[in-house]
Amino acid sequence: MTGPLVAFPEIVRLTLRQQLGRRRTLLLVLLAALPPLLALVYRAFGEVDVSGFTDSVFEPVSLTIVLPLATVLFGTGAFGAENDEGTILYLLAKPISRWVIVAAKAFAAVALSLVLTVASVLVAGAIEVVPAGSDGVSATEAYVGAMVVGSLCYVTLFLTLSLFTRRALVLGIGYSLVWEGALSSLLPGIANLSVRQYALGAADSFYQLHTEAARLSPTTALTLSAILIVVALALATWRLMRFELSGSTD
Amino acid sequence: MSAGNRLTASSPAGSIYDLGYRHYEGKRHGRWYAAWSLYVESLRGVWGFGRPMSAKAAPFILAGLYSFFAFLQLAFSSTLASEISSGQQVQLFAYDSYFTTFSLLLVLFCVAQAPEVVCRDQRYQVLSLYFTRAIGRADYALARVASLSTALFLALIVPMIALFVGDVLMKPDTISAIGDELPKALPAIPADLLIAASMASISLALSSYSPRRAYSAIGLIAYFLLMEAVPAIIYAVANHGGWSSADKLVLLTPITSLTGATDWFFGKALTSDYPATLGPAAYVLACLVSVGVFSAILLFRYRRIAA
C-alpha cells in the first residue's frame, strides 16, 4: 500500500492492542454479557415476549447503559492511553497526516464498540425474541441498527471530546445521563441534539417502537448522525493539527 | 514534660520522624485525634473548602439543585398559602417523597465526590504517609466514610429544613403550626441518616478500587444504574413466571430500597411499584445490611491495599 493511508492499518493494530489488554475492557465484556444473560432468564421462565423484552432490556439496558459506557470508554481511550503515557508525541512526530491518525483511531474504537454492542444485542435477540417469529427478527434488527448508529456517533463524539478536555470521560457520561436521560424528557427539542434519539430513529425504520421512544424520523436521524460524524472527525483533525502537550493532571 | 512521655527514635510512634537530631517535646494527641482531623479535613474536601473554586462547583451545584425545589416552595410559601386557603389544589413537596423525587441528583453527588475522597491518595501513593502516623488502616477507612456520610446528610437535611420553614409559614398561627409540623418532619432525621450512611458506604467501597477518579466515577454510575435496573427486570419476569421468592431481589437495589426504607420511617404504605409481599421494614433491614456489607468491603480493601 502506498499513499497517505500506508500507516492506517498499523495505527489501527496499535490502538486495538492498547485497548484489549486492559482490565476495563474485560469489565465491558462482562457488561455486554448482561443482555444475553437477561434473555436466558426470560427463557428460563418461559417468556417469549418481543415488546416486553424490547422495552425492559434492549432499551433500558442495551441502549441506555451498555452502549454509552462502551463507547465512552473506547472513544476516550483511543487517544487517552497515548495521552496519559506521553507516547502520542511519537505518533504525531511521524510524517503521517493528522486526518489519517484520527481516521485510524476512530476506526479502531468504532470497531471495538461495534463488536461488543452488536454481539450483545444479536446474542440476546437470538436467545429471546427471534424464536417469536418475524416480529422478533425485526426487533433484533432494529436494535442492531441502533447500536451501529449509536456506536458510530458516540465514539466519534467522545473521541473528539477527549482531544479538547482531560475530563472527557466524566463529561461524556454526564452528557448521556443528564442531557439525553433527564433533560430530554423535559425538553423535547433536545431530540435533535441527542445521539440516543438518532439511534432510536434508525431503529424505528426496522421495527415499530412505541410512540414516545423515537422522536425523529429515520431520515432525519441518519442525516443528523452523518453530519455529527463528519463534523466531529473534522474537529478532531483540526485539534490534532494544533496539538500542544500538557502535563498530566489525572 | 517528663522524660517518660517523650517519643524518641526508640519508641514506636516516633520511629520514622524522630531521627535523633531534634525531638518533639509537645503534646501528642494520639490515634483518635488523628482520625478526627482526617474526618474534618475530608468533610471540608467533599465540599471543596481549602481547594480551588473549580473543586467547589460540582458539590455545590448538585447539592444546590437538590435543595432548589424546597427553597422554591419556601420562597413562594405565602402565595401558596393564599391559593390553598382559596380552595385550590396545590401540588406540594413533602418530607416523605422529596428524596424519592430527586434522588438522581444525590447519586450524581456521590459519583462526583466519592472518587475525590479516596482516589487521589492511591494515585499519588501517599497512603503510606497516613499509615505510618498514629492513624490505622481501619481508622482511615471509617473516617472517610463518616465524612462522606456527614456531607450527604447535610445535603439531605437542608431541603427538609426549608420545607419545614415553608410549611410553618403557610399556616396562620406559627406556634401551633410548629407543633403540627414537627412530628411530620422529625422522621426525616433517621431516614436521612440511613440514606447518607448507605450511599456513602456504597460509593466509597466501590471507588476505592480504582486510583483513577474518572474510572471510579464510571464504575459507580454503572453500579447504580445496573443495580436499579437488573433486579427490577428479573423480578418482573420471575414474578410473571411464578417464582414467588423473586421479590427479595428488589432488596438489592440501592436507591429503590432507600426510598422504601424512607416510607417505613414516615409510616407510609409502599406504592404499587414495590412487590406487595414485602413490607417497608424489609427495606430498612436491607439498607442496614448494605451499610454493613459495603463498610466491610471498604475495610477489607484498606486492610489489603499496598500502602
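Since every read-out is calculated from the coordinates, none of them should be taken as a lab result. Bear in mind that the values here come from a model prediction, so they are computed numbers and not experimental data. Cβ sites come from the backbone with ideal geometry, for glycine too, and all protein chains shown count toward neighbours.
Brief remarks on what is shown
- Kyte-Doolittle at least 0.5, axis length at least 18 Å by Cα - qualifying DSSP helices, chain B: B:53-75, B:98-123, B:137-170, B:188-207, B:213-241, B:280-304
- Interatomic Cα distance distribution for segment A:120-250, bins of 10 angstrom, percent: 12, 35, 31, 16, 5, 1
- Backbone amide hydrogens, once placed in the peptide plane, bring B:S97 within less than 5 Å of nothing, excluding anything fewer than 5 places away on its chain.
- Taking 7 Å steps out from each Cα toward its Cβ at B:V289 and B:F131 produces label points 3.1 nm apart.
- For chain B, the dipole from Cβ point charges (+1 on Lys and Arg, -1 on Asp and Glu) about the Cα centre works out to 1680 debye, to the nearest 20.
- Listed by chain and number, the lysines whose C-alpha is less than 25 Å from the C-alpha of B:K248, apart from same-chain residues fewer than 8 away, are B:K268.
- Each Lys and Arg adds +1 at its Cβ and each Asp and Glu adds -1 at its Cβ; summed about the Cα centre, chain A shows a dipole of about 1000 debye.
- All lysines inside 23 Å of A:K94 as judged from Cα atoms, apart from same-chain residues fewer than 8 positions distant: A:K105
- Calculated FRET value between B:L72 and B:R120, using beta carbons and R₀ = 41 Å, to 0.05: 0.70
- Per residue Cα convex hull volume in Å³ - calculated over segment B:151-212: 66 Å³
- The alpha-carbon positions of segment A:4-241 define a convex hull whose volume is 119 Å³ per residue.
- For the Cα trace of segment B:178-283, dividing Rg by the Kirkwood Rh returns an Rg/Rh value of 1.06.
- Shielding by other protein chains, B:240-253, mean Cβ within 10 Å: 1
- Summary of packing: across the peptides A:6-16, B:188-198, B:119-129, the per-residue average of other C-beta atoms within 10 Å ranks them, highest first, as B:188-198, A:6-16, B:119-129.
- Averaged over the residues of peptide A:39-46, the number of Cβ atoms from other protein chains lying within 10 Å of each residue's Cβ is 4.
- Dividing the summed -39500 (n - 2.57) terms of all DSSP H runs of n ≥ 4 by the residue count of chain A sets its mean residue ellipticity at 222 nm at -22000 deg cm²/dmol.
- For chain B, the 222 nm mean residue ellipticity estimated from helices alone, with every DSSP H stretch of n ≥ 4 adding -39500 (n - 2.57) and the total spread over all residues, rounds to -23500 deg cm²/dmol.
- Dipole orientation for segment A:4-241: of the candidates A:T165, A:L224, A:G125, A:T165 has the Cα lying most toward the positive pole (charges on Cβ; Lys, Arg +1; Asp, Glu -1).
- For segment B:96-250, the Cα-based Rg and Dmax, in that order, read 20.0, 60 Å.
- Residue among B:A114, B:A162, A:N83 farthest towards the positive dipole end of the protein assembly as shown, charges placed on Cβ: A:N83
- Mean per-residue shielding of peptide B:215-221 is 5, counting Cβ atoms of other chains within 10 Å of each Cβ.
- For the protein assembly as shown, size of Cβ-based charge dipole, Lys and Arg +1, Asp and Glu -1, in debye: 2600 debye
- Most mobile listed residue (A:A214, A:A132, A:A203) in chain A, GNM with C-alpha springs under 10 Å: A:A132
- Once the Cα gyration tensor of chain B is diagonalised, semi-axes √(5λ) in Å: 42, 26, 17
- Within the listed set B:G26, B:G136, B:G166, the Gaussian network model of chain B (springs between alpha-carbon atoms below 10 Å) gives the highest mean-square fluctuation for B:G26.
- Between segment A:47-86 and segment B:225-245, the alpha-carbon center distance in angstrom: 21 Å
- Calculated on the alpha-carbon coordinates, the convex hull of the protein assembly as shown measures out at 206 cubic angstrom per residue.
- Of the residues A:A32, A:A104, A:S134, the one whose Cα sits farthest towards the positive end of the charge dipole of segment A:4-241 is A:A104 (charges of +1 on Lys and Arg Cβ, -1 on Asp and Glu Cβ, taken about the Cα centre).
- Straight-distance candidates among the aspartates and glutamates for linking to B:K56, with alpha-carbon spacing under 15 Å and chain neighbours fewer than 8 residues away dropped: B:E41, B:E116.
- In segment A:74-115, Rg over Rh equals 0.99, where Rg is the alpha-carbon radius of gyration and Rh the Kirkwood radius from pairwise Cα distances.
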